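Engineer: Just passing along the structure, written as structure tokens.
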Amino acid sequence: MNFEFSDEQNLLREQAQSFLAKTCPLSAVRKVLDGKQPFDEATWRGMIQLGWTATAIPEQYEGLGLGYLELCVLAEELGRSLAPTPFSSSIYLGAEAILLFGSPAQKSRYLPKLAAGEWIATLAVGEGAAPVGPTRLRTKATADTIKGTKIPVADGDVAEFAIVLAKEEKRTASLYIVDLNGTGVTRKTVATLDPTRSHAEIRFKDAPAELLGTRGQGFEHLQQVFDRAAVLFAFEQVGGAQAALDMGRDYALGRYAFGRPIGSFQAIKHKLADMYIATTLARSNCYYGAWALSTGAKELPIAAATARVSATEAFHECAKENIQTHGGMGFTWEFDCHMYYRRAKLLSVNLGSLPRWKDRLVSSIEAARAA
Amino acid sequence: MNFNDTPQEAAFRAEARAFLDANAPKYVAARRNETEAQYVARGKQWQKLKAENGWACLNWPKEYGGRGATPMELIIWNQEESRYDLPVGPFAIGLGMCGPTMIAYATEAQKREHLPKMASGEVIWCQLFSEPAGGSDLAALRTRAVKDGDEWIVNGQKIWTSGAHYSDWGILVTRSDPSLPKHKGLTFFFVDMHSPGIEVKPIKQISGGANFNEVYFTDVRIPDAQRLGAVGQGWQVSITTLMNERLAVGNAGGADFDEIYDLAASIKIDGKPALANPAVREKLADWYCQASGLKFTNYRVISALSRGQTPGPENSITKVVSAVKQQDIGSFGLDLMDMGGILMDAKKVPAGLAFQMNFLGAPGYRIAGGTDEILRNIIAERVLGLPPDIRVDKGIPFNEVPTGS
Ligand SMILES: Cc1cc2nc3c(=O)[nH]c(=O)nc-3n(C[C@H](O)[C@H](O)[C@H](O)COP(=O)(O)OP(=O)(O)OC[C@H]3O[C@@H](n4cnc5c(N)ncnc54)[C@H](O)[C@@H]3O)c2cc1C
């Protein structure tokens, strides 16, 4: 049994950690939080130079053709550092959708640009404050154009193109590639709970669209993209959970009340122990997800949902209890606690809510048992 | 990342499996109305057969009845043996905690005399630690040991001693000097449970059984040669036992995800399986994630072992998580049975009494071998590096410590 990352993968982790510590400290994240820029340019450029965008893209499309375990390692470090970059939209979602469903021509056209970081991609699914599904999807596709509004779209204000879920007649839906700089597209940045990751509202008015994958298979395709992305986002969540736990632990050691470190109060110790337990279980489930993703195992739907659910819960718990551990300081804009809290919520809804993933997990178990 | 055995591990697993497949089925599963004595007897036969074939106490040296196996081989054996429902319970404390303590502290002659009989199940050992005044705070124990020539005279009471009523030997921690601070005045022994002056009284548990006991000591004489560690060093020796306890107590077992899933699939609410109910699905998802998280945490521990690293106190999470899960699954299973959830008759409820036994057994599991709270302290202190609890009894002579009584 070997259920750990290899020495080479851990070396990659160390490189990622030192790059991010230097280029993307929390002060850089905060600049995006307080400022107007959609992402941190220096971090994004550095990541591209290090070849991160090319990691899992096959060599035939000018990627490095490493593997998903390497991508998981990077995801964890990006999550830990809260890196404000469009990496996840472009790579976990955009590149994966094209790898899964693109025609050879589409792959050759888009993947090299994504690998080189020349283009940013994103996935446009959400339509406001309720889940999108077969009975609620307003964006319409007719012949080769689409019409409708997508909000919020992560990195929608900076992406070159989006993969858009739109419905046809009856209740079928498909995925379409839309050039966001093309005709019929207007977009604007929207306010979100986590300003360190830029989001947009995108209006499509008869925007030219190119079918991706099989017509009528939009929801099925989307789920497959989500299963893969869920594992990668779960690593980001575990990285974030660990960072929030470490921050809470460090503060509990240094802050004194009643003549003793607050970390000697059992209510605080047990809180931190519970954060550790949640993070450990989530991390182990992530490893299972990484294994399933990297080997193409048929268990992927179960492994992805398990990783997603436990990492979502772990990050939320660690982020909120880290604030609690900091007392009043934790509630200030100036302290960094809220950056984890915001990111945790973003990552807990970006691929659909926790209740929906729990339901999906049980459905996947049912399907596996029926098979 | 893979789940595969190395070639040597695979060969070892095949060997273990061949032995188990050929022999285990005969020892599996209680006959109806089997008494505890019959259960223990069945266990002794199985343990003896294992020892005769080199499958007992795998990681102990050969001369003490073991096999000199690697930690990885022990894990493989445990995985394979647990595929069968075998009567191994009566030996868990002896082989998991008493044996390793003897290996660390007994003389060579004592090890050669006692360990092989322990390994072959001929004698059963128990752990005489907890007392009415010392459970979580074990070092508050009061059972007195007074030196008398080559012997010690022991008076006092132990409690919650699992299996004392069928044990032949026990490991015992006593107070030899009450004028020292509490951790300093302890001395550790092993003791013949058939010694004059030892009286064992079973205690009936929530679950109806009586597996643990009160053990009274009245002028019990223990040879000084049966002392483990120096006089006053009993705490350090106890720590050895407790470290092994952390390794020995693991997953709570009982009805788990598969059982509650099957129950939810079979019970109908208004004509639809309970499994279709969103509230039920949400709980199932949570338990699945916990069970899966524990399973793969364990795989990570095994991976570390397989590379020759020693697992740390991280292991404590298995018991913390699985004991509460066992309790919640038991309770929720009964809820699914609705008004019938109160029935205690195996013929009238699904799944035998699995959920009832979870419900009644889990409270004990959350306490035995370190309570939920103590294990959280351990995680906080040893894993996260937080300060120990501030103790009001620190440095005070034991006989001046407040006791609340
Ligand atoms: C089924 C079973 C089998 C057992 N078998 C054995 C055996 O074979 N041999 C043996 O020696 N013992 C055995 N025990 C005893 C077991 O080790 C003790 O019950 C356990 O350590 C708790 O001690 P206590 O019962 O005195 O509870 P207490 O220590 O009085 O605890 C009461 C409550 O206070 C909490 N508490 C205590 N101290 C702290 C603290 N520092 N911080 C936070 N909370 C605290 C506890 O968590 C608990 O909730 C067994 C117990 C059970 C239930």
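Engineer: Against the globular-protein guess of 2.2 N^0.38 Å, express the Cα radius of gyration of segment B:7-87 as a ratio, rounded to two decimals.
Structural biologist: So segment B:7-87 has a normalised radius of gyration of 1.15.
Engineer: What distance in nm separates the simple spin-label points at A:S363 and B:A210, each placed 7 Å from Cα in the Cβ direction?
Structural biologist: Result for the modelled spin labels: 5.5 nm.
Engineer: Per residue, how much accessible surface does the protein assembly as shown expose to a 1.4 Å probe? Answer in Å², no decimals.
Structural biologist: Result: 43 Å² of accessible area for each residue.
Engineer: Sticking with this one: Where does helix B:354-365 land angle-wise versus the long Cα axis of chain B, in degrees 0 to 90, nearest 10?
Structural biologist: Computed tilt is about 30 degrees.
Engineer: If you take the Cα atoms of segment A:5-164, find Rg, then find the Kirkwood Rh from the mean of 1/r over all pairs, what is Rg/Rh?
Structural biologist: 1.00
Engineer: At most 16 other Cβ atoms within 10 Å and a DSSP loop assignment: could you name the GluC sites (Glu not before Pro) in segment A:166-215 that fit?
Structural biologist: Answer in residue order: A:E168, A:E169.
Engineer: In whole Hz, what ³J(HN,Hα) sequence does segment B:194-209 give by Karplus (6.51, -1.76, 1.60; θ = phi - 60°), x for Gly and Pro?
Structural biologist: Here the 3J(HN,Hα) series is 8, 4, x, x, 9, 10, 10, 10, x, 10, 6, 9, 3, 6, x, x Hz.
Engineer: Within a 10 angstrom radius of each residue's Cβ in B:296-306, how many Cβ atoms of other chains show up on average? Whole number is fine.
Structural biologist: For this peptide, the per-residue mean of nearby foreign Cβ atoms is 5.
Engineer: Counting only C-alpha contacts under 8 Å and six or more residues apart, can you give the relative contact order of chain B as a whole percent?
Structural biologist: Answer for chain B is 12 percent.
Engineer: Across peptide B:313-321, how many C-beta atoms of other chains are within 10 Å of each residue C-beta, on average?
Structural biologist: Shielding by partners across B:313-321 averages 2.
Engineer: Note the direction-averaged projected area, equal to a quarter of the hull surface, for the Cα convex hull of the protein assembly as shown, in nm².
Structural biologist: Quarter of the Cα hull surface area: 36.8 nm².
Engineer: For the protein assembly as shown, what % of the accessible area comes from carbon and sulfur atoms, probe 1.4 Å?
Structural biologist: C and S atoms contribute 54 percent here.
Engineer: Another one. Sorting check: for B:136-146, A:254-264, which peptide has the highest mean count of neighbouring beta carbons within 10 Å, and how do the rest follow?
Structural biologist: Answer by packing, highest mean first, reads B:136-146, A:254-264.
Engineer: Considering only DSSP beta bridges whose two residues both sit in chain A, what percent are antiparallel, to the nearest 5?
Structural biologist: That works out to approximately 80 percent antiparallel.
Engineer: Let me check I've understood the local charge: for B:A139, count other residues with C-beta under 12 angstrom from its C-beta, Lys and Arg +1, Asp and Glu -1. What total comes out?
Structural biologist: +3
Engineer: In addition: Report the trypsin sites (Lys or Arg not before Pro) located in segment B:312-405 that are in a DSSP loop and have at most 13 other Cβ atoms inside 10 Å of their Cβ, or state none.
Structural biologist: Answer by residue number: B:K347, B:K348, B:R391, B:K394.
Engineer: Would you please classify the overall shape of segment A:121-216 from the alpha carbon gyration tensor, given that a ≥ b ≥ c denote the square roots of the eigenvalues, rounded means a/c under 1.5, and beyond that prolate means a/b larger than b/c while oblate covers the rest?
Structural biologist: oblate
Engineer: Taking the Cα atoms only, what angle lies between the long axis of helix B:71-81 and the longest principal axis of chain B, rounded to 10 degrees?
Structural biologist: So the helix axis and the longest Cα principal axis differ by about 50 degrees.
Engineer: Just read off the accessible area of A:Y61 with the full protein assembly in place, 1.4 Å probe, to the nearest 10 Å².
Structural biologist: My reading of the accessible area for A:Y61 is about 30 Å².
Engineer: Moving to a separate point now. With no solvent and one point per C-alpha, what does the Debye sum give as log10 I(q)/I(0) for chain A at q = 0.08, 0.09 Å⁻¹?
Structural biologist: Result of the Debye calculation: -0.39, -0.49.
Engineer: Over all residues in B:253-265, what is the mean tally of Cβ atoms on other chains that come within 10 Å of each residue's Cβ?
Structural biologist: For this peptide, the per-residue mean of nearby foreign Cβ atoms is 1.
Engineer: Please find the FRET efficiency linking B:S179 to B:S405, where r is the Cβ-Cβ separation and R0 is fixed at 22 Å, and quote it to the nearest 0.05.
Structural biologist: Computed FRET efficiency for B:S179 and B:S405 comes out at 0.65.
Engineer: What is the interface area between chains A and B, defined as buried accessible area summed over both chains with a 1.4 Å probe, reported in Å² to the nearest 100?
Structural biologist: 4300 Å²
Engineer: Separate question: Identify the GluC sites (Glu not before Pro) of segment B:86-193 meeting these criteria: DSSP loop state and at most 16 other C-beta atoms within 10 Å of the C-beta.
Structural biologist: B:E122
Engineer: With a/c under 1.5 counting as rounded, go ahead and sort segment B:261-405 into rounded, prolate or oblate using the C-alpha gyration tensor (a ≥ b ≥ c being the square roots of the eigenvalues; past the cut-off, prolate if a/b is larger than b/c, else oblate).
Structural biologist: oblate
Engineer: Let me check the size of segment B:326-405 from its C-alpha atoms; what are the radius of gyration and Dmax in Å?
Structural biologist: Calculated on Cα positions, Rg and Dmax stand at 20.3, 58 Å.
Engineer: Starting from the 7 Å offset along Cα-to-Cβ, what nm value, one decimal, do you get for the label separation of B:V28 and A:K298?
Structural biologist: About 2.5 nm, to one decimal.
Engineer: Also, quick follow-up: With Rg and the Kirkwood Rh both taken from Cα atoms, where does Rg over Rh land for segment A:150-268?
Structural biologist: Checking Rg against Rh, the ratio lands at 1.23.
Engineer: Let me make sure I get this right: for segment B:127-236, a, b and c are the square roots of the gyration tensor eigenvalues over alpha carbons, sorted descending. Under 1.5 in a/c it's rounded, otherwise prolate if a/b > b/c, else oblate. Which is it?
Structural biologist: Note, shape of segment B:127-236 comes out oblate.
The values are calculated or read from the model by the stated rules, or taken from the named source; none is laboratory data. Since we're looking at a predicted model, the values are computed, not measured. Backbone-built Cβ (ideal geometry, glycine too); neighbour counts: all protein chains shown. With ligands, DNA and RNA removed, areas are computed over all heavy atoms of the protein, side chains included. Shrake-Rupley method; radii C 1.70, N 1.55, O 1.52, S 1.80 Å.
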